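Below is one structure; the comments refer to it alone.
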Amino acid sequence: MNQKTLKQEKIIAGADILATQMNHWTLFSIVITAAILGKREPPFALWTVCALLPVLFFLIRRYTNHFLIMAGSHLLCLVLLFSAPVSGLAVKSLVYLYGIGLTIYSFSLRIRTEERLDGIISPTVAVGIIALSLFLLHYDKHFGTDICFVGITTLYFICYYIRSYFLNYLYFLTVNTGSTGYIPRREIFLSGAKLSAAFTLSGMAAVLLASNWGWLAQLFRAFKEGIIWLREKGFFALIASFFQQESERPPTRMGNLSPANPASMAMEPGEAGIFWQILEKVIGFLVPVLLLLLLGLFLFRFIKMVCERFRQKKIFMKSLSTDNTRDIREKYEIKKETRTQRGFFAFLNPTERVRRIYKQRVWAKRGSLINKENTRLLRTYTARECGNLLREEQLAIVYEKARYSGDECTREDVKRASGKV
């Protein structure tokens, strides 16, 4: 085993423990199916305790080099597992087979692999096992355990993505082992771990919540009850009482001004009062206006972001020169572009025309640059190499001026690039 730092050992141990839990809880879907089909309760508590077995086996084979200690500890764990009370023949058989298989697998890893690390059930196989178990339960008309399988799937992918981050970080350390510069490993790991954990947990929480609409129905029901309470006893009821007090005042007699049918002016039973009618019209007006404002704000921010991104371009840094040598290596930096002549008719600019002519000419004659004998990529050729191979030396010189010099081209340069001079 290669010499690794203590921190790397912790990351390796964390990745392997995640792998053991992924496998352990994926297989639990089979145990749940067997228990329900056998009309037994799924052994959630027992299986949770059994989740410690693969972790213990990993720690034993990882840090123990004595056969007797390893064999004795594995057998002791098996004895404790067999002594646990399990109801149902099918569930008991599966639990015992799981313990025996886990022991044999742990010994095989210790013997045939150098790192002694657990493999994982691939995502395709894991989803297939969970989907098949759920199908069997639905086929037998058992519909109350869907949330368990959703939880198992969510837990699997949480462990999968976090483990993938650990392995990628270890690969990064392996690649940069021979680096002579200082690498802030702890800062890199912590910054990436926070983002990975936040993204993974929030995404899986959204999946878990979206898979069960019961909580959403309860949320809407509570919101509806709150609106009703505000209408009948809360702030809205207080405002409505002022309108009712005004309407309850006795009318002033001003002759016989009553309509022919006074009953026609009375509100029908169940009809909303004038306050609620006004409130409905106000809300009906404000909601579309608010949505339009939000849409306009979104479009404004989006267009602003696009414009800022397209104002940036990659340019060459000034070449570093000494007395007898010159550094011609391409070094990039991001610099905001000054929009002096950029506009709708920018494509008519002589510099842009020269670059367009060069690209069209090279692309038309690309067969001379790329063939069976020469498999070099087209983008790896320099302008001077293309000009020499295609006998377009004049075009290459003009293109280098347009592309690298920073000087504006003239109409004469366009004619030279076109071959009219």
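The values are calculated or read from the model by the stated rules, or taken from the named source; none is laboratory data. Since the model is a prediction, treat every value here as computed from it, not as a measurement. Please note: Cβ atoms are built from the backbone with ideal geometry, for glycine as well, and neighbour counts cover all protein chains shown. Just so you know, the surface numbers come from the protein's heavy atoms only, side chains and all, with ligands and any DNA or RNA stripped out. Shrake-Rupley method; radii C 1.70, N 1.55, O 1.52, S 1.80 Å.
Just a few scattered comments:
- Qualifying residue in the range 80-90 (condition: small (Gly, Ala, Ser) and under 30 Å from residue 167 (Cα atoms)): no
- Any hit, the range 17-38, residues being touching a Lys or Arg at 6+ places or on another chain (Cβ under 9 Å), on the phi < 0 side of the Ramachandran plot and outside any helix (DSSP H, G or I): no
- The listed residue being modelled with pLDDT of 80 or more and open to solvent by less than 50 Å² (accessible area, probe 1.4 Å), out of 385, 392: 392
- The criterion of at least 2 residues that are more than 12 Å from residue 354 (Cβ to Cβ) and touching a residue at least 12 places away in the same chain (Cβ under 8 Å) is met by the following helices (runs of 4 or more DSSP H) wholly inside the range 381-421: 383-389.
- Flag for residue 42 being surrounded by fewer than 20 Cβ atoms within 10 Å (Cβ to Cβ), out of contact with any Gly (no Cβ under 7 Å at 6 or more places or on another chain) and not aromatic (Phe, Trp, Tyr): yes
- Filter pass, residue 48 being part of a helix (DSSP H, G or I) and either touching a strand residue (DSSP E or B) at 6+ places or on another chain (Cβ under 6 Å) or open to solvent by 30 Å² or more (accessible area, probe 1.4 Å) (or both): yes
- Looking only at the range 130-155, and only at residues there that are among the aliphatic types (A, V, I, L, M) and touching a residue at least 24 places away in the same chain (Cβ under 8 Å), the one that is surrounded by the fewest Cβ atoms within 10 Å (Cβ to Cβ): 147
- The one condition from (1) open to solvent by 70 Å² or more (accessible area, probe 1.4 Å); (2) at pLDDT below 85; (3) of a type in the set (A, V, I, L, M, F, W, C); (4) over 38 Å from the mean Cα position of the chain (by Cα) that residue 75 does not meet is (2).
- Set side by side, the residues 68, 27, 18 differ, and just one is at pLDDT 90 or above, out of contact with any Leu (no Cβ under 6 Å at 6 or more places or on another chain), more than 24 Å from residue 169 (Cβ to Cβ) and open to solvent by 20 Å² or more (accessible area, probe 1.4 Å), which is 27.
- Failed item, numbered, when residue 112 is tested on (1) closer than 30 Å to residue 8 by Cα; (2) touching a residue at least 24 places away in the same chain (Cβ under 8 Å); (3) open to solvent by 60 Å² or more (accessible area, probe 1.4 Å); (4) of a type outside the set (Val, Ile, Thr): (2)
- Set 122, 93: member being more than 30 Å from residue 201 (Cβ to Cβ) and surrounded by fewer than 19 Cβ atoms within 10 Å (Cβ to Cβ): 93
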